[in-house]
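In what follows, a structure is listed as structure tokens, so that the remarks can point back to it.
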Amino acid sequence: MTAYFKQDGPVDGAALDGMAQGVLGRPVPRIEGLAKVTGTATYAAEYDVANLAEGVFVTATITRGVVKSIASEAARAMPGVLAVISEARMTTRAAQGTAGEAPEQEPQRVSYWGQPIALVVAETFEQARDAAKQLVVEYDADTGVALDPATATSEPQEDEAIDMGDLNAAMQAATYSVDMTVETEGHASAAMEPHAAIAAWEGDKLTVHASLQMLNYNISELADALDMDETNIRLVSAYVGGGFGSKLGISEDVVAAALASRELGRPVRVVMSRQQVFQCIMRRSETWQRLRLACDADGKLTGFGHQARVSNLPGETFAEPVLQSSHFLYAAPNRSLSMDLVRIHRMTAGSVRAPGEAVGMPALEMAMDELAEKAGIDPVAFRLRNIPDRDPEGNLPFTSHGLAECLRQGAEAFGWESGTRKPRHRREGEWWIGTGMASAARVHNASEAKARVRLTADGRAEVETDMTDIGTGTYTICAQIAGEMLGLPMDRVTVSLGDTDYPRGPGSGGSWGAPSIGSAVYLACKALRGQLAKRGNIDEADLVLKDGAVEGGRSVADLIGGEVLEEIGHYEPGTNEHDYTSSGFGAFFAEVRVNHWTGETRVDRMTGAFGFGRVLNEKTARSQCLGGITWSIGTALTEALHFDPRDGHLANPDLAEYHVPVHRDVREVEVLMLQERDPLASAIQAKGIGELGMCGGAGAIANAIYNACGVRLRQLPMTPDRVLACLRD
Amino acid sequence: MSETIKVNGSDHLMPADARVSLLDFLRHYVGLTGTKKGCDHGQCGACTVLVDGVRINSCLTLAAMHGQQEVTTIEGLGTPDAPSDLQKAFLEHDGFQCGYCTPGQICSATALLDEIRAEWPSDASDDLNAPSLSDEEIRERMSGNLCRCGAYANILAAIRQVAETGA
Amino acid sequence: MRPFDYIRPTDAADAAERISGAGVKAIAGGTNLLDLMKLQVETPKVLVDVGRLDMASIAEDGAGLRIGALVTNTNTANHARVRADYAVLARTILAGATQQLRNKATTGGNLCQRTRCTYFTNTDQPCNKRKPGSGCGAIGGVARLHAILGASDQCIATYPGDMAVAMAALDAKVHLTGGATGERTVPVRDFHNLPGQTPWQENVLETGEIITAVTLPPPVRARQIYRKVRERSSYAFALVSVAAIIAKEGGKIARADLAFGGLAHKPWHDPRLSELLVGETPSPALFEKVADTLLDSADARGGSDFKIPLARRTLIAVLTEATEDQL
């Protein structure tokens, strides 16, 4: 049976909160955690497959043009080499998130430096890697290829543009205003597990073990790339070693492994090298942003302008959605928002954790800090003064709105000293010390999701869906929801994920995973409760289940009576998506030290307060927020993709020179989570949290740097050279 | 060459191809995939193992260089039925998310506790002759293990618990 | 990685004989060589594993110290006498890489560490060091980690290591064997070459020659500091680093040995700096003058412009720290 629910309005909050098991929301350790800490969790490249051949990519060394010839014969003569694959169905970039269709194919057409053009397959990895490196390729290279986002052809993004009132007039009339530009450099997801796939055919049936976030879309993308029927494909991603957007769409390894395996008639494994992951998956676009903010003498915003320029390859529709939360975060009657996409031949731009807000929010919050200073208002108070009652552009109500509460609770926990602020007021030895804050916002989305829940004859529950757990805690929260609804302790619930043989989940992306799949599991369990209630001759609403039994009555196993009960929960967002604006909110507070001599910045402590509806698991939710704050530190201080200006190749394609934060960069971090229910966000009153923790955090650090040493930086990351260039003695 | 390497107490024959890294040897020849390949160039620490009790990046060394030596991997530190104190502490403190860097983090942390006991100094030691067990010391000593999920604060808590209570 | 023969020699003499051929590389820790072999920047046909030879001990050398070529970075930094008498050396080692890498990296290998210039490690880009005559990709490219002193139009790469910077400040000596001249000793300050027109000749090692040890001179009572400026707080190469050994007597500077990392193709030592400092009373003006002298020929050729003010400020910070709390 399928329990289907389309959400057209608020859900009744009582159901989940009225359960007796008391496991939902609790800081339960991850149910798959023991496998992870003992090294027994199996990731994509780690399946023990007999007769496995190894494939290694060869990548383009020109920016744009065509591959004229590939010296395949010479490669095939090398020890152990089985094949050189360069056929037209190979994909040349990863699919964009939720594409559901194949990305660009035809590898002989090169559109960025580092693009895969061939796959060398050999008996061993060592043989394949050597032969791939030796492969001689000739090209016809184009000249005069656009590489500089500042001068390339621009396409206005009409969907993003808003003009309300008269911003120019508001700026003219304002008591205080800021008009500033901020530039941010590109980012990489840099998930710790490189993209990898093992493909094997049995007749016309293809099975691929891969590292992917959204199997529900990936299966369609792979079927489209290979021109085959989805029913003949099985994708398995039981464990995913981090995604952060980079594994939303199928990557080149998946298709290449499938094609090579087909040609050779044996299983093929393709693991991308770290350099290849950097060069041919996804980058977050660099951004150029102009912020214009105007306010009256009381610090009420009267004008709000946010203009952005981002880049991508020709043909790609993705444009880093920089303005996403700017549309609704602050009230102001006169608004002008616009965005341009420029076309350049750097690697594909796509989703990297919190696309849009990750860089748009810090820029906005830097501008808000400057305006608060000009108006002589405490920055927390300034934000509190400008929180809208309704979405200022669509005039829609918010599903729930925790910003004010997060600002207040965060300020208190951090020990924020309110009042007028002065930079360069605290120095310890060589170090300037200061504090700063920023708001957090990240749009909330839910997505269609299905999950099967089975009650077995012995009274255990089994949850099955092709949803993935990329470190987000999906395994555990699914078990908690099922345990809560069905009155089962955690050790009597098993969760199987990441296999397209199971019902379609929502995929892990856009922070919608937990609320969406959680809703599907909830619906299935609610239907199962209905079945149990019927068998017990009571009303479902009166059914109290705890520890495997009806409270004070028969056991669940007894009620089931030797059968197996099964329900598929099917959740779909409805008119709630259009009738409301929905977002997670929060606030960041940071204390930093800036070295007077060297310009080095260290974040001494950070507090983040977040409101995102129901907290499903205090432990894993907190970890998501910690992760976001860690990314905020990287965004603020160290992370930048550097592209060669002459051929557009990524000049720091590894973890030595693309600086993700290390342990020592992350000092004291405190996370507060509001106890909130959002009856419009999802059937379980929860919103997404995977990205919120980095949506604005870099702005708090930038503002703290100013408060510490008096330097207003307008470029991220704020590396020592940039600090020093502005620091006065 | 009929040389062997001892891995978690069992002897294994050297691969014929000298190019095989210790990491690939563990993953592809011994079948122990708990040791992870994150970068293959000594830039992430996911491949950390102990060789004769000393932590190293198994990607930047050849299996051939370790004949007659004893390698301990994450699987040798504890099992799902009998996890080590650090493995239990990582679980309790949520010292991981996706789990991919985790075996390397735990191997590193295992060695770290010995190194602090032996009073090895670090870049965070105020006094080279008397390193302390400050948070900053632990963070510096763990900085060779990247975690992109950002579990650093929880990893610190897990290590601190074991360092202070022995469990 | 290209195929190669792996050989483990029986003793030093055997090693020396085997290393003398063309296409032969000695490997010890391997943390740099294997990295480059995977990228095929290095393609030896024979790999001679010297890692188990008897060169892994630290011994008294008169009043100084002799550190075998195969002593790991960890064992050097941990050594009681290094900690007590050569703190700057312990500090430089500990500021470099990670515990895992220091456990493998050796004294000899670390001195021979090759540049981290991205155009050197990317075999699909031009690099005169890797492929003579192909050009320098870093000039006009992405060059944040590049030289501001002693570079040439052929190469602007930097020597990336930390340990050798302290050794240059200490005026340590490198002991070599196996070359045409037999055993010889070279000051660390002269061990590395500037790129000039032959950037592939990174140091004075001749074909078949290997490092056997580094000797440290007798210790001096002085303030020893290593300051490394980097983009993240650990596990990053230096933008700029300064090793300083500074002693004061009667309010005046009695000794000042300085060396710099991140500025050049070699650990940078400028004898003029000691001359300016010794005998003088510490003052901001004096430090400015020293920094002016250090950087009087600085030329960043683009991306590393910022290193000029950064080196200047870092040097002044170190001199200030080294002199302010000494009588």
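Each principal axis of the Cα atoms in region C:5-49 has its own extent, and those three values, largest first, are 31, 21, 13 angstrom. The protein assembly as shown: percent of C-alpha pairs farther apart than 60 Å? Value for the protein assembly as shown (Cα pairs over 60 Å): 11 percent.
Estimated from the Cβ-Cβ distance and a Förster radius of 41 angstrom, the FRET efficiency linking B:S10 and A:R605 is about 0.30. Counting Cα-Cα pairs of region B:85-165 in 10 Å increments starting at 0 gives whole-percent bin shares of 20, 55, 23, 2.
When the solvent-accessible area of region A:281-410 is split by element, carbon and sulfur atoms take up 46 percent of it, the probe being 1.4 Å. Separation of region C:68-112 and region C:168-245, taken as the distance between their Cα centroids, equals 13 angstrom. For region C:216-299, relative contact order (Cα pairs under 8 Å, six or more residues apart, normalised by length) works out to 20 percent. Dimensions of region A:351-497 based on its C-alpha atoms, expressed as ranges along the principal axes with the largest first, amount to 68, 47, 30 Å. Label separation (B:Q68 vs A:A71): 4.3 nm, computed from points 7 Å beyond Cα along the C-beta direction. Modelled spin-label separation between A:E430 and A:E540, with each label point placed 7 Å from Cα along the Cα-to-Cβ direction: 6.6 nm.
Starting from region A:60-100, pick out the trypsin sites (Lys or Arg not before Pro) whose DSSP state is loop and whose Cβ has at most 14 other Cβ atoms within 10 Å.
Within region A:60-100, no trypsin sites (Lys or Arg not before Pro) qualify (loop, at most 14 other Cβ atoms within 10 Å).
Annotation: per residue accessible area for chain A equals 31 Å², rounded to a whole number [probe 1.4 Å, protein chains only].
Give, rounded to the nearest 20 debye, the magnitude of the charge dipole that region B:85-165 has about its Cα centre when Lys and Arg contribute +1 at Cβ and Asp and Glu contribute -1 at Cβ.
Values: 6 positive and 14 negative charges, 85 e Å.
The calculation lands at about 400 debye.
Along the charge dipole of the protein assembly as shown, pointing to its positive end and built from +1/-1 on Cβ of Lys, Arg, Asp and Glu, which listed residue (A:V137, C:Q125, A:A332) has its Cα farthest out? Positive-end residue among those listed: C:Q125. Please give the FRET efficiency for C:S57 paired with C:T320, using the beta carbon to beta carbon distance and R0 = 41 Å, rounded to the nearest 0.05. Once rounded, the FRET efficiency stands at 0.60. Here C:A254 and C:Q201 are evaluated by their C-beta separation; at R0 = 35 Å the FRET efficiency comes out at 0.40.
In region B:4-77, the DSSP beta bridges split such that about 85 percent are antiparallel, to the nearest 5. Pairwise Cα separations in chain B fall into 10 Å bins from 0 onward with the following percentages, short to long: 11, 39, 34, 14, 2. Here chain A is treated as a Stokes sphere of Kirkwood radius computed over C-alpha pairs; at 10 °C and 1.306 mPa s its diffusion coefficient rounds to 59 µm²/s.
For region C:1-84, DSSP calls about 35 percent of its internal beta bridges antiparallel.
Just how large is the dipole of region A:1-101 about the Cα centre, in debye to the nearest 20, putting +1 at every Lys and Arg Cβ and -1 at every Asp and Glu Cβ? Walk me through the numbers before you get to the answer.
Details: 9 positive and 10 negative charges, 78 e Å.
So the magnitude is around 380 debye.
May I ask you to derive the relative contact order of chain A, considering only C-alpha pairs under 8 Å and at least 6 residues apart, and to give it as an integer percent?
On the way: 2063 pairs, mean separation 133.9, N = 729.
It rounds to 18 percent for chain A.
If you keep only loop residues by DSSP, which trypsin sites (Lys or Arg not before Pro) in region A:677-729 have at most 13 other Cβ atoms within 10 Å of their Cβ? Walk me through the numbers on the way to the answer.
On the way: sites: A:R677, A:K687, A:R712, A:R714, A:R722, A:R728; in loops: A:R677, A:K687, A:R712, A:R714, A:R728.
When the trypsin sites (Lys or Arg not before Pro) of region A:677-729 are filtered for loop state and at most 13 Cβ neighbours within 10 Å, A:R728 remain.
Counting only residues at least eight positions apart within a chain, or on another chain, the lysines with an alpha carbon under 29 Å from that of C:K252 are C:K173, C:K228, C:K289. Each 10 Å bin from 0 upward holds the following percent of the Cα-Cα pairs of chain C: 6, 26, 34, 24, 8, 1, 0. Select from region A:591-625 all residues whose loss of accessible area on going from the chain by itself to the full protein assembly reaches 30 Å² or more (probe 1.4 Å). Hits at the 30 Å² cut-off: A:W597, A:T598, A:E600, A:R602, A:K619, A:S623. Among complete DSSP H helices in chain C, those whose alpha-carbon atoms stretch at least 24 Å along the helix's long axis and whose mean Kyte-Doolittle hydropathy reaches 0.0 are C:307-324.
Taking 25 °C and 0.890 mPa s as the conditions, I'd like the Stokes-Einstein D for region B:4-77 in µm²/s, using the Kirkwood hydrodynamic radius from alpha carbon pairs.
Values: Rh = 11.8 Å.
The estimated diffusion coefficient comes to 209 µm²/s.
Placing unit charges on the Cβ atoms of the charged side chains and taking the dipole of chain A about its Cα centre, the candidate lying farthest along the positive direction among A:Y47, A:V67, A:Y658 is A:Y658.
About its Cα centre, the dipole of the protein assembly as shown is roughly 2160 debye, where the only charges are +1 on Lys and Arg Cβ and -1 on Asp and Glu Cβ. Overall size of region A:630-729 from C-alpha positions, given as principal axis extents largest first: 51, 39, 25 Å. Restricting the calculation to Cα atoms, every distinct pair contributes to the Kirkwood radius of region B:40-121, found to be 13.5 Å.
Rg over Rh for region C:223-324 works out to 0.96, both radii taken from alpha-carbon positions and Rh defined as the Kirkwood radius.
For the residue pairs B:K6/C:K104; B:K37/C:K266; B:K37/C:K104, the C-alpha atoms sit more than 25 angstrom apart in B:K37/C:K266. Placing unit charges on the Cβ atoms of the charged side chains and taking the dipole of chain A about its Cα centre, the candidate lying farthest along the positive direction among A:H209, A:A354, A:G315 is A:A354. For region A:493-588, GluC sites (Glu not before Pro) are listed when DSSP marks them as loop and at most 12 other Cβ atoms sit within 10 Å of their Cβ; the list is A:E551, A:E563.
May I ask what percent, to the nearest 5, of DSSP beta bridges between residues of the protein assembly as shown are antiparallel? Show your work: numbers first, answer last.
Values: 144 of 191 bridges.
Counting only bridges with both partners in the protein assembly as shown, antiparallel ones make up about 75 percent.
Across the alpha-carbon atoms of region C:88-190, the computed radius of gyration and Dmax are 15.7, 42 angstrom.
In the structure shown, the pairs A:K450/B:K36; A:K133/C:K45; B:K36/C:K129; A:K247/B:K36 are assessed against 22 Å; a Cα-Cα span above that value is assigned to A:K450/B:K36; B:K36/C:K129. Remark: spin-label model distance C:D292-A:E155 equals 5.7 nm, labels positioned 7 Å along the Cα→Cβ axis. Summed over both chains, the area buried between C and A is near 3300 Å², taken from the accessible surface of protein heavy atoms with a 1.4 Å probe.
The values are calculated or read from the model by the stated rules, or taken from the named source; none is laboratory data. Remember, predicted model here, so these are calculated numbers, not experimental data. Methodologically, a virtual Cβ is constructed for each residue, glycine included, from the backbone with ideal geometry; neighbour enumeration extends over all protein chains shown. Note: accessible area is taken over every heavy atom of the protein model, side chains too, but ligands, DNA and RNA are not part of it. Shrake-Rupley method; radii C 1.70, N 1.55, O 1.52, S 1.80 Å.
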